[in-house]
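Any read-out appearing in this document is the output of simple, stated calculations on the displayed coordinates, not a laboratory observation. Fair warning: this is a prediction, and the values are worked out from it, not measured in the lab. Here the Cβ is made from the backbone with ideal geometry for all residues, glycine too, and neighbour counts use every protein chain on show.
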Amino acid sequence: MDASELQPITDFIQGLVPFDTLSSSTLDLCCKSLSVGYYSKASAFVPLDETDPQLYIVRSGAFEVRNDDGELLDRLGEGDYFGFPSLLSGEKVSNRVRILEDGLVYHLDPDTFDYLRVESRQFDRFFNRAFAKRLRHQARFKAKELTTTSRVSSLMSNNPLIIDINACVRDAAKKMREARVSSVLVIDNHKLCGILTDRDLRNRVLAEGQDGSLPVHQAMTTQPKVLSSNALVFEAMLLMSEHGIHHLPIVDDERAVGVLTSTDILRGQSSQPLLLIGEIERQNSLDSLISVSKQIPLLLQNLISADARAEEIGRVLTSVTDALTRRLIILNQKLLGEAPMAFCWLAFGSQGRQDQAACSDQDNGLLLAHEPDEAASGYFEALTKAVCSGLDKCGYIYCPGDIMAQNPKWRLSLSQWQNRFASWVNTPEPKALMHASIFFDMRSVFGPASLFDSLQDKVLAETKDNDIFLAGMTNNSLVESPPLGFFKKFVLERDGSEVKGIDLKHKGNALINDIARVYALSAGIKEVNTAKRIRVLMEKDIINRKDALNLADAHEFIAHMRLSNQGYQHTHTMPISNYLQPKHLSSLVRHQLRDAFKVVHDAQSGIKLKFTRSF
Amino acid sequence: MLSRYLLKSKLCWRAFRAEEQALKTYYHGQQSLLDLDVERVPMLAIDLEMTGLDAQFDQILSIGIVPIEEGRLILSKAEHKLVKIEGSVGQSATIHGILDHHLNRAVSPEEAMSWFLERCQGQMLVAHHSPLDLAFLQKGLSTHFRQGVTLMAIDTLAIEKRRLMRQHEVLKEGALRLGASRARYGLPVYAAHNALIDAIACGELLLAQISAIGQGERVKLTELLA
């Protein structure tokens with residue numbers, strides 16, 4: 001046999017780094033020595049035979065490598081390798097390879113592998129580097145599970161406040177005040193013997209009628225629970241919740257080295273957004289709000305680099321927007337005085353759905369309890385203009401479609417809003433509906449819940465099981481389709497000769513939002529967040545469990561791709577856009593993205609069948 | 001159980017009738033394969049290219065074989081034989097890309113047949129739409145040994161058809177072709193075609209089918225032959 005007869009296999013191998021560095025005769029020899037295997041998801045793991053190590057070359061399918069503790073080391077797809085660490089180190093196989101998707105794998109035997117390493121220095125270097133990198137990678141995948149894998153030492157405060165056992169409680173209280181902490185460690189002959197907290201001072205000193213001269217050892221908690229500094233944060237949380245305590249002395253070799261409080265843990269988990277929202281709520285002028293809001297892009301970057309879930313990022317960013325909006329309303333009400341009637345500030349579109357990302361514009365409206373008289377209308381005009389311009393200055397630009405509370409068209413009383421919705425629902429004109437769809441993703445950011453409910457309940461009562469309206473909404477949502485062509489190839493958008501890439505927003509997430517919206521309106525579900533809508537639809541058995549989970553995963557995956565792409569654009573100072581170039585993706589990610597779009601495509605066929613009764 | 005018994009007695013009869021020793025060995029070998037679990041069965045995925053579709057008039061152009069041992073295709077033992085034909089390659093050249101001058105290193109049909117019978121000793125044959133390939137091989141072997149020869153093979157097309165029928169799918173035209181069948185298992189598209197590549201493609205398809213049928217459980221050889 002001559003190797004050219006194995007053309008498709010040779011072509012594939014030749015396209016892989018580092019096989020592309022081999023001479024054609026070496027490559028032929030390599031291809032001829034391969035054996036081909038097929039691994040099925042049903043068997044869960046690739047059976048790795050330690051007496052017979054091989055280089056595994058993934059031809060199709062998806063796999064993940066975990067070490068013996070079950071930690072994720074790597075995810076693999078077409079053109080990736082596994083099995084090389086034991087080939088290189090000669091050590092026994094300790095990693096396990098899980099089969100995520102059925103796949104075809106080429107095996108290269110150790111003799112040929114060694115021969116290729118001798119033949120090509122680049123080949124040898126590549127696998128040695130990959131080996132070293134995989135060891136490093138262990139850290140990368142950890143980022144997500146901060147509390148379960150990070151150590152106490154990373155969150156505790158060092159140099160703890162200490163006091164001698166013979167001091168009096170007044171001195172202890174003074175020390176705590178100076179250091180602005182809520183606890184002090186009590187030391188007897190360099191050894192930790194107790195802890196004195198705010199609570200002890202209250203319960204054992206003040207409430208008992210003792211005075212400040214009481215010795216510390218009579219008020220402290222003796223034999224406190226302690227942990228060592230290399231304990232897991234997770235263990236600390238467990239200990240605290242088991243014993244109902246908020247302070248843990250950290251002790252190494254019998255020496256107190258730090259204190260960990262429940263606040264430290266909270267801060268470590270999601271400090272930034274909470275701090276930012278707290279800061280927003282403390283600001284008293286527009287100027288200071290503007291300067292605080294400059295931190296928002298940084299917050300987004302941090303969340304992206306911490307590999308947070310896209311859904312969480314959307315929720316966090318939206319809560320910041322909500323807090324900013326509320327603060328602007330409150331500040332302006334201080335200037336304008338009490339409102340003449342109850343009102344709700346409505347958020348539409350992405351803010352309504354809680355999936356805001358970088359460079360969002362405003363989509364909002366105002367809901368008034370009843371028809372305003374002239375004075376009231378003047379009040380609300382002034383209020384909304386001030387809030388909208390405040391938002392604009394904080395980075396949420398004016399809505400190009402003028403869907404804003406400052407536009408009198410979208411500053412309506414309850415009955416006017418109800419009529420407006422009724423006109424969309426009862427005479428669903430395609431074009432009008434297309435613009436109206438964002439109004440159906442509405443949420444109240446400010447104002448009494450009862451007022452908002454009386455609007456939403458009325459709207460949902462009209463949309464529920466309203467076949468004509470739902471068919472109209474469905475047809476609108478089918479105008480765009482996922483960017484997949486024949487043979488599941490990506491369809492790229494072009495702008496003249498320049499390839500813009502895949503539009504992840506309009507051909508991905510927007511479609512899933514549309515699908516979830518149609519279902520939710522058909523069933524009268526109050527949720528507006530897409531992931532929550534899908535969850536409720538699944539619980540109510542309106543979408544079957546498998547399809548719902550697939551759709552939720554596709555939504556998360558595409559949103560995640562969009563955010564990490566924007567993170568990439570940001571760090572490379574490129575303009576932020578929704579376009580992704582598929583050639584920048586690894587083959588595994590490309591494969592997953594294709595599958596996600598396939599799910600969107602199937603779900604579109606689903607609503608088409610269900611709501612328009614056509615194929 | 002019953003089908004295995006029937007098959008065995010058929011093979012026993014054929015072995016008894018066979019005059020040529022190589023053929024006797026082949027039938028006996030097939031008999032002992034029937035007791036094994038699928039992953040233990042040594043197999044040989046094959047594909048033929050012919051000048052046409054009629055075994056009576058058309059001739060074999062090339063034979064590709066690749067052994068499957070313990071669930072792996074062994075490419076180092078794969079072989080591709082070109083066979084000499086009478087007359088010119090003619091029209092089929094456009095399909096197979098085999099040109100007359102390729103046939104210079106071709107062997108005679110007689111050599112090809114004894115080589116093939118030697119290779120399939122103790123191996124279960126695998127082919128996509130096996131009746132066609134077997135018809136040509138049986139004709140060739142019968143001519144060579146001057147007595148009737150009946151080969152046995154796993155047919156990946158028949159397996160695919162049964163699977164689809166069981167799922168109550170409407171069989172579209174071309175849905176059972178090798179490429180279309182492979183696509184359902186996410187197997188790669190092989191652009192080039194020759195007997196060897198198609199034999200490999202067919203072997204890979206069988207591995208995928210076995211894993212889909214078994215879902216992690218053991219599969220009996222007779223389930224594939226049914």
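Using a cutoff of 8 angstrom between alpha carbon atoms and counting only pairs six or more residues apart, the relative contact order for chain B works out to 25 percent. With both partners inside chain A, how many of the DSSP beta bridges are antiparallel, as a percent to the nearest 5? In chain A, approximately 85 percent of DSSP beta bridges are antiparallel ones. The residue among A:L391, B:S62, A:I296 whose Cα reaches farthest toward the positive pole of the charge dipole of the protein assembly as shown, with charges on the beta-carbon of Lys, Arg, Asp and Glu, is A:L391. Charge dipole of the protein assembly as shown (Cα centre as origin; +1 on each Lys and Arg Cβ, -1 on each Asp and Glu Cβ, all else neutral): 920 debye, rounded to the nearest 20. A Gaussian network model of chain B, with springs between Cα atoms under 10 Å, assigns the largest mean-square fluctuation among B:M152, B:M43, B:M124 to B:M152. Dividing the convex hull volume of the alpha carbon atoms of the stretch A:3-140 by its residue count gives 100 Å³ per residue. In chain A, helical runs assigned H by DSSP with n ≥ 4 each contribute -39500 (n - 2.57); averaged across all residues and rounded to the nearest 500, the mean residue ellipticity at 222 nm is -15500 deg cm²/dmol.
Taking the Cα centre of chain B as origin and assigning +1 to Lys and Arg Cβ atoms and -1 to Asp and Glu Cβ atoms, the resulting dipole is close to 600 debye. Just to be sure I understand the rule: take each whole DSSP H helix in chain A, project its Cα atoms onto its long axis, keep it if the span is 24 Å or more and its mean Kyte-Doolittle hydropathy is at least -0.5. Which ones pass? Helices passing the filter in chain A: A:310-336, A:374-393, A:587-612.
Magnitude of the charge dipole for the stretch A:283-462, about its Cα centre and with charges confined to Cβ atoms of Lys, Arg (+1) and Asp, Glu (-1), is about 260 debye.
For the stretch B:40-217, the equivalent ellipsoid derived from the alpha-carbon gyration tensor has semi-axes of 27, 18, 16 Å in decreasing order.
Suppose we take every Cα in chain A and form the convex hull; what volume per residue is that in Å³?
223
Specify whether the C-alpha gyration tensor of the stretch A:502-615 places it in the rounded, prolate or oblate class, a ≥ b ≥ c being the square roots of the eigenvalues: rounded for a/c under 1.5, otherwise prolate if a/b is larger than b/c and oblate if not. Here the stretch A:502-615 falls in the prolate category.
Using a cutoff of 8 angstrom between alpha carbon atoms and counting only pairs six or more residues apart, the relative contact order for the stretch A:1-130 works out to 32 percent.
In the stretch A:154-262, the convex hull through the Cα atoms has an average projected area of 6.4 nm², a quarter of its surface area. Semi-axes of the equivalent ellipsoid of the stretch B:116-226 are 26, 17, 14 Å, computed as sqrt(5λ) over the eigenvalues of the C-alpha gyration tensor in descending order. Farthest towards the positive end of the charge dipole of the stretch A:154-262, among the residues A:S241, A:N166, A:L201, is the Cα of A:L201, using unit charges on the Cβ of Lys, Arg, Asp and Glu.
Bridge orientation summary for the stretch A:283-462: considering DSSP beta bridges with both residues in this region, about 65 percent are antiparallel.
Hey, which of these cross-link pairs are over 22 Å Cα-Cα: A:K464/A:K610; A:K41/B:K220; A:K393/A:K431; A:K409/A:K464; A:K431/A:K608; B:K81/B:K139? Beyond 22 Å between Cα atoms: A:K393/A:K431; A:K409/A:K464. Averaged over peptide A:29-39, the number of partner chain Cβ atoms lying within 10 Å of each residue's Cβ comes to 6.
Pairs with C-alpha atoms separated by more than 27 Å, drawn from the list A:K500/B:K172; A:K583/B:K161; A:K294/A:K334; A:K458/A:K598, are A:K500/B:K172; A:K583/B:K161; A:K458/A:K598.
If you build a Gaussian network model of chain B, linking Cα atoms that sit under 10 Å apart, which residue out of B:E69, B:E173, B:E20 swings the most? The residue with the greatest mean-square fluctuation here is B:E173.
Pairs of Cα atoms nearer than 8 Å and 6+ residues apart set the relative contact order; for the stretch A:474-612 it is 34 percent. When the stretch A:1-134 is described by a simple charge dipole with +1 on each Lys and Arg Cβ and -1 on each Asp and Glu Cβ, the residue from A:V118, A:L108, A:P18 located farthest towards its positive end is A:P18.
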